[in-house]
Structures are given as structure tokens and as C-alpha cells.
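Please read the structure below before turning to the comments.
The values are calculated or read from the model by the stated rules, or taken from the named source; none is laboratory data. In this text the structure is predicted, and so the values were computed from the model without any measurement. As a convention, Cβ positions derive from the backbone with ideal geometry for all residues, glycine included, and neighbour counts pool all protein chains shown. Note: accessible area is taken over every heavy atom of the protein model, side chains too, but ligands, DNA and RNA are not part of it. Shrake-Rupley method; radii C 1.70, N 1.55, O 1.52, S 1.80 Å.
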Amino acid sequence: MASKNDKPSHTVLVVEDEPTLASSIAQRLSSEGWDVRVAQDGISAIRAAAQVYPDLVIMDVMLPGIDGVEATKRIVSHRPVPVLMLTARDEETDVIIGLSAGADDYMTKPFSMRELLARCKALLRRVERAKVIAKNSEDAKILDFGSIVIDPATRRVTLNDEAVHLTPTEFDLLTTLARKPKSVLTREQLLEEVWDWVDASGTRTVDSHVKALRHKLGSSTIRTVHGVGYAFEPPEQ
């Protein structure tokens, strides 16, 4: 069903235990013509996700009972869905844990509703973009770098013949870099290629996902070019 402005309708699950913030987020997203559901704890979020099949989940990290990280793990293990995590802390370890749990992006409180909406729209566009990328990758050649092998068709990555679990965003980021080994891609280029963002407001998101990839594949896999961006460094053969 489309809204009066002919915008496509999406179902969004907002998981936030602070009633005022949850209400504000729900009202802002509802004004876009989206169907918004609200859950106030991890268990309710898992149950709601299984019932309404949301197109996007906005997940607070600090929740009563099961926290947002564990709730995210359970939700995405049941069905892939983009997750935007909300955190009161910007500690690097916390962010990497959240992204490793399956989240696609994160925002640190406090934040503007305008930026939240922009992030949500970008994530929803990325889902559609990923479908196109997957279709175009059906006949794509395997990227074999010896100890690291990337199969775009099956979206599988192995490290020393062992499967490595990557989130959809991590896989797309790695593949984008690996298709141009040793070439430096700016954060802005990566935002456009992977996230379909047209501005530089999410460059820290790129940094955090790179750190998550290094955690899974080794610190030397992706080289930082300070002030510019990143490059994939093939392992020594």
C-alpha cells in the first residue's frame, strides 16, 4: 500500500524501552507512510519480528532482559533484515560487537530525527541494491587470493578453507574492495557503492565496518590510507 505521496510502504520495527523516544521515532517514520510497530524489550522484539516480517529494525542496545545485541542475533538468524542499532555509547568495542551481531549500521544517542530517517532510507535502498548486485553476481568469477576466497555468486567467504560469517553489508564492503585489490577507495566511494549514500555523513560507519572485517579476516587484510580511505591487501601467496 502506498501513502498519499505515492511513497512505497515499509514495515519498520522500533525496539526502544524509553517510551518518549520510541513514540518520537514512530511518529516520524509513520509520517513517511510507513507501518511502524514498537517493542520495548528484546523478547517482544524477537516475537514481533517473527510475526510482522519487518523491512527494517531499529534496535536499541540497552534493553531489559535480552539486550539489543542478542535480540539482533536471533532476529537476523531467523530471517535476514537490515538492523540500525541505537547506542548511548560510542565505544569502539561496543560498535564492533553490535555490527558483528548482524547490525548494518549504528547511531549514537542523541541523534536528529532527520539523520535517523536518512539512515533508514539508505538501508532500505541498500536492500534493493543488494538484490541487483546478487543477480548480477550469479556469473561473477570467484575472487581467489589464496588464503582468502570470495564467491560472489554464493556470497561465501573462506579464510584458510574455513567459512567466515559476514553480514550482508560486510560482504558487500569486502567484495567492493577486493574487486580492485591494492587500489585505494575513498570512504565516500564506499558509501556510494555499498550503502548508496550520496553524502559523507556516514564515514564513521565505513570505519566501523572495516574494523569488524579486520576482526574476522585479520588486521592486515584492509589497509588504511590516512585521510583518504581503504585498500584491500591480498594475502601473501
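For the pair Asp207 and Arg129, what calculated FRET efficiency results from E = 1/(1 + (r/R0)^6), where r is the Cβ-Cβ distance and R0 = 22 Å, to the nearest 0.05?
0.60
Mind checking the per residue accessible area of the chain for me, 1.4 Å probe, whole number of Å²?
50
Does region 10-131 classify as rounded, prolate or oblate by the C-alpha gyration tensor (a ≥ b ≥ c root eigenvalues; a/c under 1.5 gives rounded; else a/b over b/c gives prolate, otherwise oblate)?
rounded
Give me the number: length gained by fully extending Val52 to Glu162, i.e. 0.36 nm times residue separation minus the C-alpha to C-alpha distance, one decimal in nm.
So the chain would gain 36.1 nm between Val52 and Glu162.
Taking the highest mean first, how do the peptides 182-193, 55-66 order by number of other beta carbon atoms within 10 angstrom per residue?
55-66, 182-193
Given the peptides 43-49, 150-156, arrange them by the average over their residues of other C-beta atoms within 10 Å, most packed first.
43-49, 150-156
May I ask you to rank Lys211, Lys141 by accessible area, largest first, using a 1.4 Å probe over the protein chains only?
Most to least solvent-accessible, the answer reads Lys141, Lys211.
Using a 1.4 angstrom probe on heavy atoms only, work out the carbon and sulfur share of the accessible area of the chain in %.
Using a 1.4 Å probe with all protein chains present, the chain comes out at 50 percent carbon and sulfur.
Grab the beta carbon distance between Thr154 and Arg214, set R0 = 30 Å, and tell me the FRET efficiency rounded to 0.05.
Here the calculated transfer efficiency is 0.85.
What FRET efficiency do you get for Leu21 and Ala118 if R0 is 22 Å and r is their Cβ-Cβ distance, rounded to the nearest 0.05?
After rounding, the FRET efficiency stands at 0.80.
Based solely on its DSSP helices, what 222 nm [θ] is calculated for the chain when runs of n ≥ 4 H residues each add -39,500 (n - 2.57) and the sum is averaged over all residues, nearest 500 deg cm²/dmol?
The helix contribution divided over the chain gives -12500 deg cm²/dmol.
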